[in-house]
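Notes for the one structure printed next.
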Amino acid sequence: MSIHTPKIEKKVTLATISKMKGKEPITMVTAYDALFAQLFDGEVEMILVGDSLNMSFLGKEDTLSATMDQMIYHTQAVCNGAKLPLIILDMPFGTYTSAEVALQNASRAYQETSAQAVKIEGGKERAHIVEALTQNSIAVLGHIGLMPQFLRSDGGYKIRGKDQTDIDSLVEDAKALEAAGAFAIVVEGVKSEAAQAITQAIAIPTIGIGAGNSTDGQVLVWSDMFGFFETFKPKFVKQYGNGAKLVREGLKTYRDEVKSREFPSDEYTY
Ligand code: KIV
């Protein structure tokens with residue numbers, strides 16, 4: 001049974017998100033442009049300008065070739081459209097290879113957009129990078145489990161947390177990111193027992209995607225959840241609308257009406 005939640009009326013801050021742990025599930029979606037960001041404004045606590053835009057916006061096969069310039073451009077658009085959600089810029093592959101490089105690139109995110117945080121993929125091995133950013137007043141959302149930027153080095157998208165050793169390793173990752181100052185962690189593509197263990201082990205919120213129902217919040221890619229991305233549909237994606245069907249039907253009607261000269265009728269004519 002779903003409940004009707006009231007619209008969000010106040011600007012969401014890092015403190016808002018921290019306080020929600022254990023109290024109220026946190027909602028996050030991705031957005032890449034101002035028009036959709038405007039639709040999501042006041043409806044979700046967080047908007048992630050994900051590097052998934054490389055696939056869902058640019059039409060590439062994976063996220064690996066996304067650039068900092070692209071992420072900044074799309075984050076500016078999202079910030080123009082949405083005023084209330086906490087907006088996070090996803091740092092693309094190769095932009096946080098060391099603490100210095102990360103600091104340089106993440107500083108651009110703060111200087112050139114009004115995003116309130118950046119997201120970084122990686123566990124304990126990247127904790128020093130997260131620390132370098134948080135120590136320099138840049139808020140960081142961690143990302144562990146299945147990490148799309150590791151696609152080639154991992155040899156595919158692999159579900160994590162299938163045995164106790166891996167669950168322990170994921171919990172260590174989460175604790176390292178928490179100690180490094182991350183304000184929350186995206187937990188992607190893990191067995192639900194693993195997500196539960198991670199969520200219980202740390203005091204900062206976990207945001208799940210393909211991680212079951214025990215995380216502190218959920219995130220979905222907007223083009224997946226509204227049925228626009230048709231290349232493949234992972235098991236965890238619930239479609240809350242069939243956008244592709246809607247557009248195809250509308251476009252067919254437009255085409256038919258132009259061909260038959262039904263459009264533009266007097267109503268649409270000066
Ligand atoms: O890039 C993205 O959209 C993401 C989400 C899947 C969490 O990282």
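For the stretch 111-135, how many residues are touching a residue at least 60 places away in the same chain (Cβ under 8 Å) and either over 25 Å from Glu45 (Cβ atoms) or assigned to a loop (DSSP other than H, G, I, E, B) (or both)?
2
Give Ser52, Ser56 a once-over and let me know the one that is open to solvent by 30 Å² or more (accessible area, probe 1.4 Å), more than 23 Å from Glu131 (Cα to Cα) and in contact (Cβ under 8 Å) with a residue 40 or more places away in the chain.
Ser56
Conditions tested, residue by residue: (1) farther than 30 Å from Asp173 by Cβ; (2) assigned to a loop (DSSP other than H, G, I, E, B); (3) at pLDDT 95 or above.
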position	(1), (2), (3)
Ala195	no, no, yes
Gly208	no, no, yes
Lys238	no, yes, yes
Glu249	yes, no, yes
Lys252	yes, no, yes
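So, Gly181, is that one on the phi > 0 side of the Ramachandran plot and either open to solvent by 20 Å² or more (accessible area, probe 1.4 Å) or in contact with a Ser or Thr (Cβ under 6 Å, 6 or more places away or on another chain) (or both) or not?
yes
List, please: which pairs have Cβ atoms under 9 Å, are six or more places apart or on different chains, and start with a residue in the stretch 147-169 that is polar (S, T, N, Q) and modelled with pLDDT of 95 or more and end with one that is part of a helix (DSSP H, G or I) and open to solvent by 40 Å² or more (accessible area, probe 1.4 Å)?
Listed pairs, sorted by first residue: Ser169/Lys124.
Out of curiosity, is Asp173 surrounded by fewer than 16 Cβ atoms within 10 Å (Cβ to Cβ), under 18 Å from Gly122 (Cβ atoms), within 16 Å of the ligand (Cβ to nearest atom) and assigned by TED's automatic domain parsing to the domain that holds Ile26?
Answer is no for this residue.
Tally time: how many residues in the stretch 210-236 are of a type in the set (Asp, Glu) and either part of a loop (DSSP other than H, G, I, E, B) or more than 14 Å from the ligand (Cβ to nearest atom) (or both)?
Looking only at the stretch 210-236, we keep the residues that are of a type in the set (Asp, Glu), and these are 216, 224, 230.
Next cut, either part of a loop (DSSP other than H, G, I, E, B) or more than 14 Å from the ligand (Cβ to nearest atom) (or both) only: 216, 230.
So the answer is 2.
For the structure I just gave you, tell me whether Ile138 is part of a loop (DSSP other than H, G, I, E, B), open to solvent by less than 40 Å² (accessible area, probe 1.4 Å), of a type outside the set (S, T, N, Q) and modelled with pLDDT of 95 or more.
Working: part of a loop (DSSP other than H, G, I, E, B): yes; open to solvent by less than 40 Å² (accessible area, probe 1.4 Å): yes; of a type outside the set (S, T, N, Q): yes; modelled with pLDDT of 95 or more: yes.
The answer is yes for Ile138.
Filter the helices (runs of 4 or more DSSP H) completely within the stretch 8-100 down to those with at least 3 residues that are aliphatic (A, V, I, L, M) and more than 16 Å from the ligand (Cβ to nearest atom).
Numbers: elements: 14-20, 34-40, 53-56, 68-81.
In the stretch 8-100, the matching helices (runs of 4 or more DSSP H) lie at 14-20, 34-40.
Looking at the structure I just gave you, is Lys233 touching a strand residue (DSSP E or B) at 6+ places or on another chain (Cβ under 8 Å), without any contact (Cβ under 8 Å) to a residue 24 or more places away in the chain and either farther than 18 Å from Lys21 by Cβ or open to solvent by 20 Å² or more (accessible area, probe 1.4 Å) (or both)?
Working: touching a strand residue (DSSP E or B) at 6+ places or on another chain (Cβ under 8 Å): no; without any contact (Cβ under 8 Å) to a residue 24 or more places away in the chain: yes; either farther than 18 Å from Lys21 by Cβ or open to solvent by 20 Å² or more (accessible area, probe 1.4 Å) (or both): yes.
For Lys233, the condition - touching a strand residue (DSSP E or B) at 6+ places or on another chain (Cβ under 8 Å), without any contact (Cβ under 8 Å) to a residue 24 or more places away in the chain and either farther than 18 Å from Lys21 by Cβ or open to solvent by 20 Å² or more (accessible area, probe 1.4 Å) (or both) - is not met.
The values are calculated or read from the model by the stated rules, or taken from the named source; none is laboratory data. Since we're looking at a predicted model, the values are computed, not measured. FYI the Cβ positions are ideal-geometry reconstructions off the backbone, even for glycines, and counts take in every protein chain you see. The area values use the complete protein model at the heavy-atom level, side chains included, leaving out ligands, DNA and RNA. Shrake-Rupley method; radii C 1.70, N 1.55, O 1.52, S 1.80 Å.
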